[in-house]
Amino acid sequence: MQPALRAPRADDYPLLCSWIPDAAACLRWAGPQLAWPFDPDQLAERLHQPRGASCVLADAGGHMLGFGQYWVWEPGAVHLGRLLIDPARRGQGLGRSLLTHLMPAAVQATGAASITLRVYRNNTPALALYQALGFREEAAHSSADVAFMRRNARAIE
């Protein structure tokens, strides 16, 4: 059975915390809004996005394989962020699975015409995945270290 999206459960947050080993990893994953270390019991509240949602990619038994969020970034655009795959399961196509499930859910929930995300330029596997999924860099919102990417929300596969 293929992985599927579900809402996060309280027991997902300690596992999610274990995937983020230090302050540098936390900054890359969550940005400056979430200081490390963090309490798993407070993580759901600290990650809350008022115009979005958190989602878990889970296997058939409900075990968390990945995590991601979406929120309205600008009118007509939904932003994907805090995308993370279980470190022990990377390289198995789960990043693609997370995105192919998360993008339509985000578009359906928000009615967005475009989807955006940010990726560190040295995260070459993620950058290649996003390009393969139709994301293109927008230089105006990018920096030397981080590429801001966008794709049309139509024709989500």
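The values are calculated or read from the model by the stated rules, or taken from the named source; none is laboratory data. As the structure is a computational prediction, the values presented were derived from the model and not from experiment. Glycine gets a Cβ as well: all are built from the backbone with ideal geometry, and neighbour counts include every protein chain shown. Heads up: the accessible areas ignore ligands, DNA and RNA and are worked out on the full protein's heavy atoms, side chains in. Shrake-Rupley method; radii C 1.70, N 1.55, O 1.52, S 1.80 Å.
In contact with a strand residue (DSSP E or B) (Cβ under 9 Å, 6 or more places away or on another chain) and either under 25 Å from ASP12 (Cα atoms) or without any contact (Cβ under 8 Å) to a residue 24 or more places away in the chain (or both): is that true of GLU45 in this structure? I'd like the intermediate steps shown before the answer.
Values: in contact with a strand residue (DSSP E or B) (Cβ under 9 Å, 6 or more places away or on another chain): no; either under 25 Å from ASP12 (Cα atoms) or without any contact (Cβ under 8 Å) to a residue 24 or more places away in the chain (or both): yes.
Answer is no for this residue.
Filter the stretch 141-157 down to residues that are farther than 20 Å from ALA112 by Cβ and not in a loop (DSSP other than H, G, I, E, B), then give me how many there are.
Of the residues in the stretch 141-157, 1 are farther than 20 Å from ALA112 by Cβ and not in a loop (DSSP other than H, G, I, E, B).
Here's the yes/no breakdown for (1) closer than 18 Å to PRO3 by Cα; (2) assigned to a loop (DSSP other than H, G, I, E, B); (3) open to solvent by 50 Å² or more (accessible area, probe 1.4 Å):
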site	(1), (2), (3)
PRO50	no, yes, yes
SER54	yes, no, no
TYR70	no, no, no
ARG82	no, no, no
GLY95	yes, no, no
LEU98	yes, no, no
ALA109	no, no, yes
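Collect the residues in the stretch 28-48 that are surrounded by 15 or more Cβ atoms within 10 Å (Cβ to Cβ) and over 23 Å from VAL78 (Cβ atoms), keeping them in residue-number order.
TRP36, PHE38, PRO40, listed by residue number.
Does the stretch 5-22 include one or more residues that are among the acidic types (Asp, Glu), open to solvent by less than 20 Å² (accessible area, probe 1.4 Å) and assigned to a helix (DSSP H, G or I)?
Checked the stretch 5-22: at least one residue is among the acidic types (Asp, Glu), open to solvent by less than 20 Å² (accessible area, probe 1.4 Å) and assigned to a helix (DSSP H, G or I).
Inside the stretch 63-73, can you point out the residues that are of a type outside the set (Gly, Ala, Ser) and in contact (Cβ under 8 Å) with a residue 12 or more places away in the chain?
MET64, LEU65, PHE67, GLN69, TYR70, TRP71, VAL72, TRP73
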